[in-house]
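Below is one structure, written out as structure tokens, with a few remarks after it.
The values are calculated or read from the model by the stated rules, or taken from the named source; none is laboratory data. What you are looking at is a predicted structure, and each value in this text was computed from that prediction instead of being measured. Cβ: placed from backbone, ideal geometry, glycine included. Neighbour counts: every protein chain shown. Quick note on the areas: whole protein, heavy atoms, side chains included, nothing else; ligands and nucleic acids left out. Shrake-Rupley method; radii C 1.70, N 1.55, O 1.52, S 1.80 Å.
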Amino acid sequence: MTTLPRPAAALSADEARRIALRAQGFLGAPDRRSGVRGVLRHLGAVQLDTISVLARSHELIPYSRLGRVGRQTVEAAYWQTGSLGASPTRPHAFEYWSHAACILPIEEWPHFAFRRRAYRDRPHWNHDLPDGTYDQVIKQLRDEGPLTATELGGAKRTSEWWDWSGTKVAVERALMYGEVVCVERRGWKRVYDLAERAVPGGLLHDELDDTECVRRLVRLAGQSLGVGTRADIADYHRLKGEQVDAVIADSGLVPVEVEGWGKPAWADPAALATPPRGRHRTTLLSPFDSLIWDRARTERIFGFTHRLEAYVPKPKRVYGYYAMPVLAGGRLVGRVDPAREAGGILVARQVTLDGPKAVPAVAEALVEAASWVDCTTVRVERMDAPELREPLMKEVTRFLIAGLR
């Protein structure tokens, strides 16, 4: 931006951290009445990922905020209506490209019109689309109702993951155009339906122009972050910096100065209205949690370097295949690389601690996660500080015994 407004407030680094934690649902009492759907609406986007260790990432997101919410409850909250008399094909959420492939509140459908238009105007695609296939897919969905790509005629031409069939190309293109919507994941397969049938009529439109779509997404990103730089806000829904610049003055966010950030920032005025207070959540975080999506932001706020090493060759991994940061007291105090074994055992394949003071919090997070996935035993394999193994196992045992009472 060439001209920056004067900051409306000056925040300490600690105040900014606490504002961010509250905005993301980790500080203060969780809203259990609104449950998983409330978490989704509050965050605005929940990232999907294929990796499942404790559970898939979209299940871990509400767990980390609400505690031991049932995994089937999570899936039902995303995809089922539960409204008396409502059509069972109308979900509370839809899947689309936001920060990445994300579950989004159905109320956000109009805000992604700018992205749907961009896909429709795209000059080229990586996959060829055979003549007539697109129309055939739309007709089949109209005639038969929600279907997976396999049910539409096959997702792949060969066993190679990238070798999509013409049917899969067509339905994915229809998804990006907004003519088709993903109404649920079934065995990790997308279930497609016509948007005209799945999206409530009052939301099924592309009436907002590009500027208004982006303005609303910038405002919502600022609310979900609490406070953030231009780059933080842009990254939340993967907008371009210049798109943010064009609308941020009219977004409702206010300019602030944050100690140590070195860059201009904007905050949700509601987040500034009351000081962030309440109980801190102690939990394992999905590596794809929106609290730690952006590496630069995570390092700036928490002094914590977050890297996913699932795609790093095993000999080069530092923290483990699926190292999950441990949040406690509003800080990131360590990492756990978990696994599950037969017999109800949660295995911490590698544990990295930020000193002895982190031991009780890591033990608590491990035991709660074990209980959530129906494990009754916790075993620790490797630790970066072997002298802390015995204290950690003592705390684990204490929490396990307390949980049995």
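Here are a few things to note about the model shown:
- Residue match in the stretch 142-158 (condition: surrounded by 15 or more Cβ atoms within 10 Å (Cβ to Cβ) and closer than 30 Å to SER251 by Cβ): no
- Matching residues, the stretch 93-124, being touching a helix residue (DSSP H, G or I) at 6+ places or on another chain (Cβ under 7 Å) and not in a helix (DSSP H, G or I): ALA93, PHE94, TYR96, TRP97, HIS99, ILE103, PRO105
- Filter result for ARG307 (modelled with pLDDT under 95 and over 21 Å from the mean Cα position of the chain (by Cα)): no
- Just one of the listed residues (ALA310, ALA361, ALA323) is among the small types (Gly, Ala, Ser), surrounded by fewer than 21 Cβ atoms within 10 Å (Cβ to Cβ) and within 28 Å of VAL46 (Cβ to Cβ), and it is ALA310.
- The test for being within 16 Å of TYR322 (Cβ to Cβ), among the aliphatic types (A, V, I, L, M) and either modelled with pLDDT under 95 or open to solvent by less than 80 Å² (accessible area, probe 1.4 Å) (or both) holds for ALA348.
- When residues of the stretch 331-347 are limited to those that are within 23 Å of the chain's Cα centre (by Cα) and among the hydrophobic types (A, V, I, L, M, F, W, C), the one farthest from ALA13 (Cα to Cα): ALA339
- Selected residue [under 24 Å from the mean Cα position of the chain (by Cα), surrounded by 20 or more Cβ atoms within 10 Å (Cβ to Cβ), hydrophobic (A, V, I, L, M, F, W, C) and within 25 Å of ALA93 (Cβ to Cβ)] from VAL180, VAL137, VAL169: VAL180
- Hits in the stretch 8-63 (condition: under 17 Å from PHE288 (Cβ atoms) and assigned to a strand (DSSP E or B)): VAL46, GLN47, SER52, ARG56
- Close pairs (9 angstrom Cβ cut-off, 6 or more residues apart or separate chains): more than 16 Å from TRP97 (Cα to Cα) in the stretch 116-131, in a loop (DSSP other than H, G, I, E, B) anywhere: ASN126/TRP162; HIS127/TRP162
- Restricting attention to the stretch 365-405 and to residues that are farther than 23 Å from PHE26 by Cα and β-branched (Val, Ile, Thr), the residue that is surrounded by the most Cβ atoms within 10 Å (Cβ to Cβ) turns out to be VAL378.
- Filter pass, VAL318 being over 22 Å from the mean Cα position of the chain (by Cα) and under 28 Å from THR229 (Cβ atoms): yes
- Within the stretch 54-81, considering residues that are of a type in the set (Val, Ile, Thr) and surrounded by fewer than 21 Cβ atoms within 10 Å (Cβ to Cβ), the one farthest from the chain's Cα centre (by Cα): THR81
- The residue pairs whose first member lies in the stretch 341-357 and is touching a residue at least 60 places away in the same chain (Cβ under 8 Å) and within 12 Å of LEU392 (Cβ to Cβ), whose second member is open to solvent by 80 Å² or more (accessible area, probe 1.4 Å) and in a loop (DSSP other than H, G, I, E, B), and whose beta carbons are closer than 7 Å, counting only pairs six or more residues apart or on different chains, do not exist in this structure.
- Residue check, PRO5 in a loop (DSSP other than H, G, I, E, B) and either open to solvent by less than 10 Å² (accessible area, probe 1.4 Å) or in contact with a strand residue (DSSP E or B) (Cβ under 6 Å, 6 or more places away or on another chain) (or both): yes
- Members of the stretch 111-128 that are open to solvent by less than 50 Å² (accessible area, probe 1.4 Å) and either over 21 Å from ALA221 (Cβ atoms) or in contact with an Asp or Glu (Cβ under 7 Å, 6 or more places away or on another chain) (or both): ALA113, PHE114, ARG116
- Taking the criterion of being not in a loop (DSSP other than H, G, I, E, B) and not basic (Lys, Arg), the residues of the stretch 138-153 that qualify are ILE138, GLN140, LEU141, ASP143, GLU144, LEU147, THR148, ALA149, THR150, GLU151, LEU152.
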